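The values are calculated or read from the model by the stated rules, or taken from the named source; none is laboratory data. Keep in mind that this is a model prediction, so the values were computed, not measured. Positions of Cβ are backbone-derived with ideal geometry, glycine not excepted, and every protein chain shown enters the neighbour counts.
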Amino acid sequence: MAKAQNKEMSFLDHLEELRWHLIRSLISIVVFSLVAFLAKDFIFQTVILGPAKTDFWTYRMLCKLGPDLCIEKMNFSLQNRTLGGQFTMHINAAFVIGLILAFPYTFWEIWSFIKPGLYLKEQSAASGLLFYVTVLFVSGVLFGYYIVSPMSINFLANYSLDPSIENNFDLASYISTLTMMVLGSGLMFQLPVAVFILSKLGVMTPDFMRTYRRHAIVVILTVAAIITPPDVLSQIIISLPLFVLYEISIFISASVNKKRRKKEEMQELTYS
């Protein structure tokens, strides 16, 4: 069984190649961040502050489902408390958006570094990995932005201990909460990919995942609680698709392990 590339590289050559993959990945993040920084009006007025407005897509869809679900007023206002707060938030938001947009390319660079070290059959088995990583990440980001974020923001904005208390949220708090939910959802949706890789390495098995399903539920709820605001609704909303992805991951692990067992049986027959 031959590797994809027969060219031998020294340890320093591998480090040099890895360095250039990381440099190109960093450049892509900087480029997308710069574009987001220059498109300030669209990024802030439409994207970042979108869930804080009543005409946001999610709120309009809820209104179509029934008049009782309509959100006519957002019960909070945003304010900046520090002298350089808005400029700092501009840079931070641009970087996060650049990171999200550059994620598929960054993963492709990392995969391009790993791929030559795999056997041809391993490369064939992992074909389409970039596509699935991108689809899952984009799905997670969209889910976090259009479902988790507006529901969480609306819940927290309307939660009140006393009518005399006004909700004047700090801009930094709003943006950090939004980016945490969106980016966190995108990364958590990579669960099937992580299970696929671990199953290929022989670390993860479907029996293990079924045995520790209850423990996995606790872990999912804990992680959901970390990346979402402290309200039960947000945790449930983000946990439900993760439970589904966990069950799908069990089937993925079972398929990978089945193929590996067949391969091992064939090798035993060959050498016997």
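Restricting Ser112, Ser149, Ser77, Ser139 to residues that are touching a helix residue (DSSP H, G or I) at 6+ places or on another chain (Cβ under 6 Å) and among the small types (Gly, Ala, Ser) narrows the list to Ser149. Among residues that are within 30 Å of Leu161 (Cβ to Cβ), surrounded by 14 or more Cβ atoms within 10 Å (Cβ to Cβ), of a type in the set (Val, Ile, Thr) and within 21 Å of the chain's Cα centre (by Cα), Thr106 is not included. Checked against the criterion of being buried (at least 17 other Cβ atoms within 10 Å of the Cβ) and of a type in the set (S, T, N, Q), the candidates Ser199, Ser160, Ser173, Ser164 yield just one match: Ser199. Quick check on the range 159-170. Is at least one of its residues within 30 Å of Ile97 (Cα to Cα) and at pLDDT 90 or above? There is at least one residue in the range 159-170 that is within 30 Å of Ile97 (Cα to Cα) and at pLDDT 90 or above. Evaluating Cys70 against the criteria (1) under 25 Å from Leu22 (Cα atoms); (2) free of Cβ contacts under 8 Å to residues at least 60 places away in the same chain; (3) surrounded by 12 or more Cβ atoms within 10 Å (Cβ to Cβ) leaves one unmet condition, (1). Of the numbered conditions (1) modelled with pLDDT under 90; (2) in contact with a strand residue (DSSP E or B) (Cβ under 9 Å, 6 or more places away or on another chain), Lys200 fails exactly one; give the number of that condition. Failing condition for Lys200: (2). Assessment of the range 259-266 against the conditions (surrounded by fewer than 12 Cβ atoms within 10 Å (Cβ to Cβ) and either modelled with pLDDT of 90 or more or closer than 24 Å to Ile147 by Cβ (or both)) yields no matching residue.
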